[in-house]
Amino acid sequence: MRFRTLAIGAAVSLAAGVASLGAGTAAGGTVPPSSDPPATSDVATSGKAAELPPLDPKEIAVEIQTYAKHYGVDEDEAYERLSWQRNLGAFTEAANAEFSDDFGGVWIDPADGGRIKVGVTADAVDSGLSRIAEAAQTLGIAEAVDVVPVKISFDRLAEGSTWLGSQIASLVPTPDRPVESGLATDKNTITLRFASPQLTKAEQTLVDAATAQLGEALTVSFDAQPDLVDGCVHPYCDSPLRAGIRISATGAGCTGSFIAKSKVDTKYYQFTAGHCMVQASGTSWTTRDTAGTTHTIGPEHSWNWGTGYCGGTACSSSDRAIVRVSDLPFWGTRGFVFVRTGPHTTPNTLYPIRADGFSTVNLWVCMSGGTTVPTECGSVVELNNTGTPCISGGTLCATITGRAKANYCRQSGDSGAPVFALNTAYGLHSSGSGCTAYYIGIRGSETALNVDVVFEP
């Protein structure tokens, strides 16, 4: 199949290739409108443009080195491909505005040199190309963009996956029968996963309802992995307080994430995972300096884990929290991440965060956890994911929606860790199994908890 080529001088090539058609047009029912924005508002759909300085290869060495190793390219090639990802949020917003109901999502194609694909419904490929070209040129990615036809619009996928997530919430989650769902723009489909093809009666009822509701937009698979939250010594830092350090409360150990400031006053907070508050029997969180001396960060402020566990905020089916930073003169208010060394990564104790953003399928992201060494990186494989993670040991399980699914490696103790790339905050690590991981989008977390991530200049 040949795609139309749009020439903007020699800037944008909508190249020939293989379309990502996915499962096809839904049949057997329509997706009901959601009363709330799709959960992809946490992780997926658009971004706000930011005035950012040029990327410094030394600052983003961890992304360059891990990407180069993973995809078998040299570091110059890795840097070029990663640079295309920086403005994907703003580009996605422009593409969505131009194609509207015909928009099929944006994704990165590692098999095609990391190029950026814009999906549009097949009969709308000819429309709006000049707007896409203009946006691509403005954002400096003109040479890397292709427009490809898809069958199902992003709105239908987002609404369908949100509906499916609400149906999963009706199941009683258990650690031995994980269930999850999510959308993949590169496959143009919604996937419902079980651990085994031997379904329970309730699981079969869910499959039947999803098939009737979503039709060919649905893919059912049986490769769901155990999904355990990663609450839990190893990394500590002196002041200033930063993301990627181990934090503790009585009965729990997790990872402190991005520093944030209240939207309504001058108070500062540190993000982490909501389930850490469930595990802790105390409400005051601490960390240590490099000499091993314990210092108080502050008390829990607002958090939730699923719809049944929350404090200081309305319960929702997410996994996020903020801890008050009580001693600002001691801790400071800086926007750094502690990036740790490894065989393919360069350490950076003061990695600067300069923006926040939404995630995209195949976006390369890194996670700096309180247990895992070195800082781990991988690609985003799914958006608007719903799953049923359990606290280690299976004592408590919850249904969590609006997650991004990625393939970086994680361990117990990494809960709450910062997920980031190219000086941009993307999310809060939540749970996983082995090298399958899930995180909660930072934009939705900022909105829900009424704070903004602190940026470095």
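Taken together, the values in this text are just the output of simple stated rules run on the coordinates, not laboratory data. Remember, it's a predicted structure, so these values are computed and weren't measured experimentally. A quick note on method: Cβ atoms are made from the backbone with ideal geometry, for glycine too, and the neighbour counts reach across all protein chains shown.
Over all Cα atoms in region 317-370, the spread is summed up by Rg and Dmax: 14.5, 40 Å. Per q in 0.09, 0.11, 0.16, 0.20 1/Å, what log10 I(q)/I(0) does a Debye calculation on the alpha-carbon atoms of region 94-252 return? Rounded to two decimals, the profile gives -0.48, -0.67, -0.94, -1.11. Working note: Karplus 6.51/-1.76/1.60 with θ = phi - 60° gives region 325-338 the couplings 8, 7, 9, 5, x, 7, 7, x, 9, 10, x, 10, 10, 8 Hz, where Gly and Pro are set to x.
Residue ranges 299-311, 355-367 sort as 355-367, 299-311 when ordered by packing (mean number of other C-beta atoms within 10 Å per residue, highest first). Per residue, the convex hull spanned by the Cα atoms of region 228-453 measures out at 104 cubic angstrom. Scoring 323-334, 236-247 by mean Cβ neighbours within 10 Å over their residues and listing the highest first yields 236-247, 323-334. Here the 3J(HN,Hα) profile of region 263-279, calculated from phi with Karplus coefficients 6.51, -1.76 and 1.60 at θ = phi - 60°, is 6, 10, 8, 9, 7, 10, 9, 10, 5, 7, 8, x, 5, 4, 6, 5, 6 Hz, Gly and Pro shown as x. Amide H contacts of VAL179: THR388, each under 5 Å away and 5 or more positions distant or on a separate chain (H built 1.01 Å from N in the peptide plane; Pro and chain starts excluded).
Dipole size of region 350-434 about its Cα centre, with +1 on Lys/Arg Cβ and -1 on Asp/Glu Cβ: approximately 40 debye, rounded to the nearest 20. Under 5 Å from the amide H of VAL150 lie the amide H atoms of VAL120, THR121, ALA122, each residue being 5 or more positions distant or on a separate chain, with H modelled from the backbone and absent for Pro and chain starts.
I need the fraction of alpha carbon pairs in region 274-354 separated by more than 15 Å, rounded to a whole percent. Value for region 274-354 (Cα pairs over 15 Å): 68 percent. Ordering 404-417, 66-79, 144-157, 441-454 by mean Cβ neighbour count within 10 Å, with the highest value first, yields 404-417, 144-157, 441-454, 66-79.
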